[in-house]
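What follows draws every value from the coordinates through simple rules; no lab data is involved. A quick note: this is a predicted structure, and the numbers were derived from the prediction, not measured. Quick reminder, even Gly has a Cβ in these numbers, built from the backbone with ideal geometry, and neighbours come from all protein chains shown.
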Amino acid sequence: MPERSLSQEFEGPSGVAEPASGLAEALVAWQRMHGRQGMPWQGLRDPYRVWLSEIMLQQTQVATVRDYYTRFLARFGDVAALAAADEAEVMGLWAGLGYYSRARHLHRCAQQVVTEHGGAFPRSAAQLATLPGIGPSTAAAIAAFCFDERVSILDGNVKRVMTRLLGFGEDLAVPRHERALLAQAQALLPRAAADMPTYTQALMDLGATVCLPREPRCGACPWRAACRAHAQGRPQDYPQRSRRLRRQARASWCLWLTDAQGSVWLQQRPAPGIWAGLWAWPMFDDESACLSLAEALCRDAAAASPEAAPTEVQPLAGFLHVLTHLDWTLHPRRLRLPTGLPAEALEARLGPGRWWRQEQLAALGLPAPLRKRLPLG
């Protein structure tokens, strides 16, 4: 695109900055030449597949999503198949992808599409946003990709692109400021509805590959000449957000119970919370509580089977599990109990749970750290 001055690029009433015509067309042309290509969900008009990819790509790298997306579609080829699935199987296929509330919402959304919409996704962003787990930006992506609706996405990457382009310095933690940014993003949309899929993909690619948070590649940007943050020489100052979540640290002690046959005792994590709905070791906030329960289980096992009394608790090396705003250190403590100790005895001490055989673990919804450490038969 030819270089033009900022005064030519931006004109707007009442001091509101609005991008001039031509920027959308430049971005569409850039996408066709330089955007990411060959991703399995690109160029699709099937809202089920676009929706699935959009949910998986939230907070997750493209390289990670590819295999999950392929496996998920191999098992659940359409929305009806997903709606009819057992939640445990859905969680099992999702295990390791993280942010597990996405999987629960995915399942609920599929069921609602089938029961309330006859198995067909709504065709407008406004209607799509009423479904479980579909926020405004995801709804806009589906509507733009599948139905050519002229509606702008505004995920985290796009907020960064737009605030830099417009020099939008208002605090996005304030809802009215985010609404104002969305209105300006809407004003930038291409005139031709048929360009909406390519333009929407271009926005995603620009934020993911060029307009990076710390080291933006301004020389490769099709909007460089019009970008106010670039002209100011301080793109890293955008976007502005006053309320940021502070990182926290937590430590937990985990009781890794096995029996003589190699089965593992696991409990389903409660919702809401970390790993909600997944199966994990019993967890404790301090080591003394963990060891006290282990000692009580040893006494129970010795009373039930004196000839097969359990060995002492084996401490294993702790490991760090990093979440979005939490550094979680887990300290496993391993104990082998004799086969045949009734589940009722364990539930009396630990709460609801069950024994899982090794060959069952691979299909189970397990958090990624357990999936790495348990013997998956």
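Observations on the structure shown:
- Alpha carbon centroid spacing (whole Å) that separates region 113-146 from region 44-66: 14 Å
- Separation between Cα centres of region 71-92 and region 171-224, rounded to whole Å: 33 Å
- The sum of -39500 (n - 2.57) across all DSSP H runs of n ≥ 4, divided by the residue count of the chain, sets its helix-only mean residue ellipticity at 222 nm to -13000 deg cm²/dmol.
- Per-peptide average of other Cβ atoms within 10 Å, ordering 66-79, 89-102 highest first: 89-102, 66-79
- Unit charges at the beta carbon, dipole of region 8-237: most positive-side option, Gly219, Ser53, Ala183: Gly219
- Think of the chain as having a plus end and a minus end, set by charges on the Cβ of Lys, Arg, Asp and Glu; of Thr200, Met91, Ala294, Thr200 sits farthest toward the positive end of this dipole.
- Sequence of Met162, Met39 once ranked by neighbouring C-beta atoms within 10 Å, starting from the fewest: Met39, Met162
- Positive dipole terminus of region 248-373, leading residue within Ala249, Pro338, Gln314 (C-beta point charges): Ala249
- Cα gyration tensor shape of region 172-226, rounded if a/c is under 1.5, else prolate or oblate by comparing a/b with b/c: oblate
- Under the convention that each Lys and Arg Cβ holds +1 and each Asp and Glu Cβ holds -1, the size of the dipole of the chain around its Cα centre is about 720 debye.
- Reciprocal of mean inverse Cα separation for region 248-373 (Kirkwood radius, Å): 15.1 Å
- Three-way shape call for region 62-200 based on the alpha-carbon gyration tensor, with the a/c threshold at 1.5: prolate
- Region 248-373 - percent relative contact order, Cα under 8 Å, separation 6 or more: 36 percent
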